[in-house]
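Q: The structure under discussion is supplied below as structure tokens; questions concerning it will follow.
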Amino acid sequence: EAGVAQSPRYKIIEKRQSVAFWCNPISGHATLYWYQQILGQGPKLLIQFQNNGVVDDSQLPKDRFSAERLKGVDSTLKIQPAKLEDSAVYLCASSPGPGTGGLWGYTFGSGTRLTVV
Amino acid sequence: RKEVEQDPGPFNVPEGATVAFNCTYSNSASQSFFWYRQDCRKEPKLLMSVYSSGNEDGRFTAQLNRASQYISLLIRDSKLSDSATYLCVVAPVSSGSARQLTFGSGTQLTVLP
């Protein structure tokens, strides 16, 4: 079974530029998550989608971050304009969705490492 | 106060040693608990769930104390391959929507030959 695909793997941009990350979840997974992991910290949830709807975006800095999951499959996360403190690894995860027990099927992608200079 | 707190380490132990990691959580409504392992520059991967009665998976033993809001992970007979960062994770009850995980900052373990 193919895992969660993310691209690009690495990105270096200057502050105030914009950047976009892409995620393709495991086929059939209804729920998709974006996490931000700053060096030395654990991942922090930014946004959760259920199919193409937003379940929780309370920790998404909406003045500069946006995310969408059109058609309930792939998702993009955008930062505009980027700040130095946005340097982090952006992890996408997916899970089968409602009714599933435990963390069965909850899978992380390998992440996009963003450096803002 | 952070929702999930862990001793960051690093823990440097010789092969064969027993090492224990502790974690506390602040949200008493948390209902599900896990330990994740994260290798350097890799994504987190589920190591094991933590059950109220305690549970064991080979050399790994997890314990939960709901009254103290405390979770532990014990690794016996450490191997070089156990070197990684161990993340304590809590989640609310899944009410139909899937799990939102809250991670601790992780404890770094290095097993030395």
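Residues are listed down the side, and each one gets a yes or a no for (1) in a strand (DSSP E or B); (2) open to solvent by less than 50 Å² (accessible area, probe 1.4 Å):
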site: B:F33; (1), (2): yes, yes
site: B:R41; (1), (2): no, no
site: B:M48; (1), (2): yes, yes
site: B:E56; (1), (2): yes, no
site: B:T61; (1), (2): yes, yes
site: B:Y86; (1), (2): yes, yes
site: B:V90; (1), (2): yes, yes
site: B:S105; (1), (2): no, yes
site: B:L109; (1), (2): yes, yes
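Q: Okay, moving on. Does any residue in segment B:1-29 that is outside any loop (DSSP other than H, G, I, E, B) and open to solvent by 70 Å² or more (accessible area, probe 1.4 Å) come within less than 9 Å, Cβ to Cβ, of a residue that is of a type in the set (G, A, S) and modelled with pLDDT of 95 or more six or more places away or on a different chain, and which pairs are these?
A: B:E5/B:G104; B:E5/B:S105; B:P14/B:S78; B:N22/B:S72
Q: Against the definition (buried (at least 20 other Cβ atoms within 10 Å of the Cβ) and either part of a strand (DSSP E or B) or within 14 Å of chain A (Cβ to nearest Cβ) (or both)), how does B:L74 come out, yes or no?
A: Numbers: buried (at least 20 other Cβ atoms within 10 Å of the Cβ): no; either part of a strand (DSSP E or B) or within 14 Å of chain A (Cβ to nearest Cβ) (or both): yes.
In short, no.
Q: Just for segment A:19-42: of the residues that are part of a strand (DSSP E or B) and within 22 Å of B:T107 (Cα to Cα), which one is least open to solvent (accessible area, probe 1.4 Å)? Spell out the reasoning first.
A: Here is the first cut: in segment A:19-42, the residues part of a strand (DSSP E or B) are A:19-24, A:31-37.
Subset that is within 22 Å of B:T107 (Cα to Cα): A:35-37.
Working: A:Y35: 0, A:Q36: 20, A:Q37: 24 Å².
The extreme case among them is A:Y35.
Q: Need the failing condition index for A:S75 against (1) within 13 Å of chain B (Cβ to nearest Cβ); (2) touching a residue at least 40 places away in the same chain (Cβ under 8 Å), just the number.
A: Going through (1) within 13 Å of chain B (Cβ to nearest Cβ); (2) touching a residue at least 40 places away in the same chain (Cβ under 8 Å) one by one, A:S75 breaks only (1).
Q: For segment A:78-89, indicate whether the set of residues that are surrounded by 14 or more Cβ atoms within 10 Å (Cβ to Cβ), at pLDDT below 95, within 23 Å of B:C40 (Cα to Cα) and facing chain B (nearest Cβ under 9 Å) is non-empty.
A: No; the residues of segment A:78-89 include none that is surrounded by 14 or more Cβ atoms within 10 Å (Cβ to Cβ), at pLDDT below 95, within 23 Å of B:C40 (Cα to Cα) and facing chain B (nearest Cβ under 9 Å).
Q: Got at least one residue in segment A:43-56 being within 25 Å of B:S30 (Cβ to Cβ), within 12 Å of another protein chain (Cβ to nearest Cβ), at pLDDT 95 or above and assigned to a loop (DSSP other than H, G, I, E, B)?
A: Looking for residues that are within 25 Å of B:S30 (Cβ to Cβ), within 12 Å of another protein chain (Cβ to nearest Cβ), at pLDDT 95 or above and assigned to a loop (DSSP other than H, G, I, E, B), one finds at least one in segment A:43-56, hence yes.
Q: If I filter segment A:90-113 for residues that are in contact (Cβ under 8 Å) with a residue 40 or more places away in the chain and charged (D, E, K, R), do I get at least one hit?
A: If we filter segment A:90-113 for residues that are in contact (Cβ under 8 Å) with a residue 40 or more places away in the chain, which is where we start, we get A:90-98, A:105, A:107-113.
Now narrow it down to the ones that are charged (D, E, K, R): A:113.
The answer is yes; a qualifying residue exists.
Q: Also: Could you grab me the full set of residues in segment A:1-37 that are touching a helix residue (DSSP H, G or I) at 6+ places or on another chain (Cβ under 6 Å) and of a type in the set (A, V, I, L, M)? I'd like the intermediate steps shown before the answer.
A: Here is the first cut: in segment A:1-37, the ones touching a helix residue (DSSP H, G or I) at 6+ places or on another chain (Cβ under 6 Å) are A:15.
Selection gives nothing.
The values are calculated or read from the model by the stated rules, or taken from the named source; none is laboratory data. Model, not experiment: these values are computed from the prediction. Backbone-built Cβ (ideal geometry, glycine too); neighbour counts: all protein chains shown. Ligands, DNA and RNA are excluded from the accessible area calculation, which covers all protein heavy atoms including side chains. Shrake-Rupley method; radii C 1.70, N 1.55, O 1.52, S 1.80 Å.
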